[in-house]
Amino acid sequence: MSVALTTAVEELPGLTPRVAGLLRTLGLTNLGRLVAHLPTRHERLEAEATIDQLASGANISTRGEITATRPVFGKRPRFEAVLMDHTGRLDLVWFNGLYMRDKIHPGVRVRVQGKVTRRGPGLQAVNPKVEVLSAEGEEPPEHEAAWRPVYPASEQINSVAIWRAIKKVLPLALPLIEEHLPEAFRREREMPTLSEAYRMQHEPASEAEILGSRRRLAYDEFLLLQLGVHIRRAYLRERLRAPALKFSEGIDRHIRERLPFVLTPGQEGAVREIAADLSRATPANRLIQGDVGSGKTMVALYAMLMAVASERQASLMAPTEILAEQHYEGLSRILKGSRVRLALLTGGTPRPEREALLGKLAAGDVDVLIGTHALLTEDVKFKELAVAVIDEQHRFGVHQRARLRASATDETSTPHVLVMTATPIPRTLAITLFGDLDISVVRGLPPGRMPIETRGVSSERRRDAYEDVAERIARGEQAYVVVPAIEPGEAGAGGEPIRDVRTVLKELEEGYLKGVRLAALHGRLSRETREATMERFRVGEIKALVATTVIEVGVDVPNATAMVVEQADRFGLAQLHQLRGRVGRGTRPSACWLIADPVTPEGEQRLAVMCQTTDGFVLAEKDLEIRGPGEVFGTRQAGIAPFKVADLMRDRALLDMARRDAAAWIKRSPLLAYPEEAVLKRRLMKSYGETLGLADVG
Ligand code: ADP
Ligand code: MG
């Protein structure tokens with residue numbers, strides 16, 4: 001029978017139907033998938049020795065027969081056993097290991113590995129790894145010193161069984177694995193072939209092989225993504241046309257006259273890059289990174305006014321209604337008296353109003369449309385959208401950007417897309433995740449900002465926080481109180497009740513903030529109520545808002561100088577950083593109180609970091625360390641497959657190399673159309689064809 005990588009596991013020689021069935025439960029349905037099931041790590045196996053050769057303090061591997069067992073209950077429950085071979089006796093003990101009862105009985109032959117220590121006259125192995133050798137006859141041969149792969153496994157099938165299955169079929173699979181890198185290219189980078197790399201992962205002869213093959217496989221993952229990203233980018237650059245916006249000294253002066261501030265050097269830098277982008281006929285695709293409060297809105301406004309100066313349209317999409325409403329209010333104030341026609345469109349816009357608005361939009365009677373993801377609905381058609389700004393990118397994925405592009409009525413024209421984010425994504429990561437974007441960084445904050453002092457207190461010392469708030473309000477300042485839930489009744493993981501807006505508002509009204517005008521703000525209020533509340537807070541009529549994280553992004557009231565976060569350990573680092581960014585916006589010193597009784601070391605760690613730094617980049621790095629990139633950037637939802645082998649933190653150098661290689665490659669061969677690139681292209685389309693929308697690229 002001839003075997004292919006697509007041959008079902010049931011048909012592979014050497015695998016019993018039972019094993020094949022178990023492999024299938026792990027999704028290892030055919031030869032290719034089985035061989036691509038890579039170990040998560042490798043364990044050092046010592047050469048097997050007889051018991052009389054074992055020395056105290058050494059890591060050992062030996063086999064023999066269990067001659068006695070004894071469960072010990074009580075204060076230090078444990079399971080003891082005696083292992084004998086023809087040379088002697090070794091005592092085994094597993095602390096808290098009473099479950100071993102089911103596995104080990106007198107008469108069973110086992111192989112054990114672990115550290116042995118002297119105990120009385122003999123030797124003892126504490127918590128050794130144990131492998132029950134097949135009862136009926138044929139035992140595995142004694143192994144030499146080696147590395148044993150440890151595979152992702154399940155309750156039904158363990159790593160050792162997977163290893164055995166893979167070893168059986170590996171010789172069949174290896175010759176079938178096609179190489180996708182040219183030989184010279186691969187040699188230059190000192191990498192094994194793909195087939196060799198798989199062999200080295202499953203049957204490593206040395207530690208160097210483990211590392212070398214891992215390097216190759218991680219590089220491949222990066223290279224594929226980077227090639228996809230570069231192809232897409234080349235395609236966007238070369239095939240798609242965007243309106244080339246007019247730009248002159250006069251226009252620049254005109255726009256600046258409208259802005260209420262002199263731009264900071266950070267804003268200047270971003271504006272320069274954007275102006276250059278927008279005056280070209282290739283669609284810009286730029287990520288604008290700037291820490292919370294760095295003034296990204298002005299940068300966006302500048303770009304949108306460039307569209308208006310060229311008689312084209314612009315849009316600004318925000319992640320929440322509150323933020324969209326606020327952008328609308330803020331920009332309306334700034335643009336008052338100008339000829340710029342602004343409009344707001346959210347999910348809450350009433351139907352008749354919406355219809356009228358869409359009509360105006362298509363006729364070109366609206367210049368700047370502000371809204372939420374409602375802007376992405378299919379019937380939203382612009383006359384000619386030239387600049388699309390997306391605020392707070394981390395909440396939107398790659399797909400939405402593609403969608404925005406499609407919303408232009410004129411199919412041949414694509415808007416310039418600017419994506420603003422306050423999540424300071426480490427550069428390498430940004431390139432990986434949003435690789436088809438150029439990046440501008442708005443460095444520094446507007447002048448006169450006072451530092452925010454962050455203090456963590458336990459719930460018993462809640463008083464300290466609210467006394468500070470009360471004093472500030474007495475001085476004419478304002479505050480936010482952030483609470484995890486809206487209504488009472490939810491209980492957290494530890495059974496601890498989650499604090500809610502309603503309860504906290506009532507407590508404060510009757511307690512620490514008696515007589516102060518307070519209001520609730522959260523996503524379940526109607527738009528009118530929210531807008532009215534925000535407006536009354538903005539003008540200082542309401543002194544403190546008790547809110548959920550709806551105020552997390554963008555809300556901008558410089559007179560607010562204090563924030564209290566209740567149950568702060570329930571929020572992620574990035575979220576706390578965003579929340580804290582609501583204060584420290586004016587010229588008076590601000591305070592952020594984090595009330596929490598953290599129950600995990602991780603929670604404690606997060607709060608400690610928050611108190612130590614206000615630098616978004618430091619926090620982002622920490623967040624990555626604590627939670628991993630998938631969680632931090634929502635890449636799971638965004639559709640970018642997490643890497644199996646590559647590690648964004650550990651393999652940065654490799655990522656850089658892959659990025660350079662991919663750029664050069666696509667320059668040489670923009671569509672990977674040479675016959676010798678067929679395997680590579682097939683693999684690329686399989687991995688990223690859909691998520692990166694490469695299908696129309698060809
Ligand atoms: P973010 O980057 O977090 O979106 P915003 O655009 O909301 O920041 O700006 C934060 C605050 O700084 C706002 O109050 C804004 O009016 C103010 N601001 C923006 N640019 C400047 C500037 N050049 N000089 C002074 N204040 C500025
Ligand atoms: Mg903002």
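The values are calculated or read from the model by the stated rules, or taken from the named source; none is laboratory data. Fair warning: this is a prediction, and the values are worked out from it, not measured in the lab. Positions of Cβ are backbone-derived with ideal geometry, glycine not excepted, and every protein chain shown enters the neighbour counts. All accessible areas refer to the heavy atoms of the entire protein, side chains included, with ligands and DNA or RNA removed. Shrake-Rupley method; radii C 1.70, N 1.55, O 1.52, S 1.80 Å.
Data overview
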{"read-out": "For peptides 307-314, 497-504, sequence by mean Cβ density within 10 Å, most packed first", "value": "307-314, 497-504"}
{"read-out": "Heavy-atom accessible surface of the chain: percent carbon and sulfur, 1.4 Å", "value": "52"}
{"read-out": "Rounded to 5, the percent of DSSP beta bridges in segment 452-632 classed as antiparallel", "value": "5"}
{"read-out": "Solvent-accessible area per residue, Å², over segment 119-199 with all protein chains present [probe radius 1.4 Å]", "value": "56"}
{"read-out": "Amide H within-cut-off set for Asn30, under 5 Å, with H built and near neighbours excluded", "value": "Val9"}
{"read-out": "FRET efficiency estimate (nearest 0.05) - Cβ-Cβ, Asp85 to Glu207, R0 25 angstrom", "value": "0.30"}
{"read-out": "Length gained when the stretch Ala47-Lys381 is fully extended (0.36 nm per residue, less Cα-Cα span)", "value": "113.2 nm"}
{"read-out": "Residues Glu10 and Glu602, FRET efficiency given R0 of 56 Å [Cβ-Cβ distance, rounded to 0.05]", "value": "0.80"}
{"read-out": "Solvent-accessible surface ranking, highest first, for Arg280, Arg472 at 1.4 angstrom", "value": "Arg280, Arg472"}
{"read-out": "Net dipole in debye of the chain [+1 Lys, Arg Cβ; -1 Asp, Glu Cβ; about Cα centre; nearest 20]", "value": "680"}
{"read-out": "Degrees, to the nearest 10: 678-688 long Cα axis against longest axis of the chain", "value": "60"}
{"read-out": "Residue (of Pro149, Gly330, Ala532) at the positive-pole extreme of the chain, dipole from beta-carbon charges", "value": "Gly330"}
{"read-out": "Residue-averaged 222 nm ellipticity for the chain, from DSSP H runs of 4+ at -39500 (n - 2.57), nearest 500", "value": "-11500 deg cm²/dmol"}
{"read-out": "Nearby lysines by direct alpha-carbon distance to Lys514 (threshold 20 angstrom, same-chain neighbours under 8 apart not counted)", "value": "Lys506, Lys543"}
{"read-out": "Within segment 199-301: Cβ-based charge dipole about Cα centre, in debye rounded to nearest 20 (Lys, Arg +1; Asp, Glu -1)", "value": "480"}
{"read-out": "Cut-off under 5 Å, modelled amide H: who pairs with Ile288 long-range", "value": "Val419, Met420, Thr421, Ser440"}
{"read-out": "Ranked by how many other beta carbons lie within 10 Å on average, peptides 377-387, 219-229 from highest", "value": "219-229, 377-387"}
{"read-out": "Dipole of the chain, positive direction: furthest Cα of Phe73, Leu34, Ala662, with charges on the beta-carbon", "value": "Ala662"}
{"read-out": "0 to 90° range, to nearest 10: angle between helix 321-335 axis and the chain longest Cα axis", "value": "40"}
{"read-out": "Long-range amide H partners of Trp147 with built H, under 5 Å", "value": "Leu45"}
{"read-out": "Sites matching trypsin sites (Lys or Arg not before Pro) across segment 551-611 that sit in DSSP coil, with at most 16 neighbouring C-beta atoms within 10 Å", "value": "none"}
{"read-out": "Degrees separating the helix 652-668 axis from the principal Cα axis of the chain, which is the longest one", "value": "70"}
{"read-out": "Of Lys381/Lys644; Lys381/Lys622; Lys383/Lys667; Lys296/Lys381, pairs whose Cα-Cα distance is over 31 Å", "value": "Lys381/Lys644; Lys381/Lys622; Lys383/Lys667"}
{"read-out": "Cα lying deepest toward the dipole's positive end in the chain, options Pro497, Ala547, Thr25, charges on Cβ", "value": "Ala547"}
{"read-out": "With all protein chains modelled, accessible area of Trp94 [1.4 Å, Å²]", "value": "10"}
{"read-out": "Under 16 Å from the Cα of Lys115 - aspartates and glutamates, other chains or at least 8 residues apart", "value": "Glu43, Glu46, Glu48, Asp52, Glu80, Asp91, Glu131"}
{"read-out": "Accessible area in the full protein assembly, largest first, 1.4 Å probe, for Leu31, Leu22", "value": "Leu22, Leu31"}
{"read-out": "Exposure ranking of Arg530, Arg588, Arg354, Arg449 by accessible area [1.4 Å probe, largest first]", "value": "Arg588, Arg449, Arg354, Arg530"}
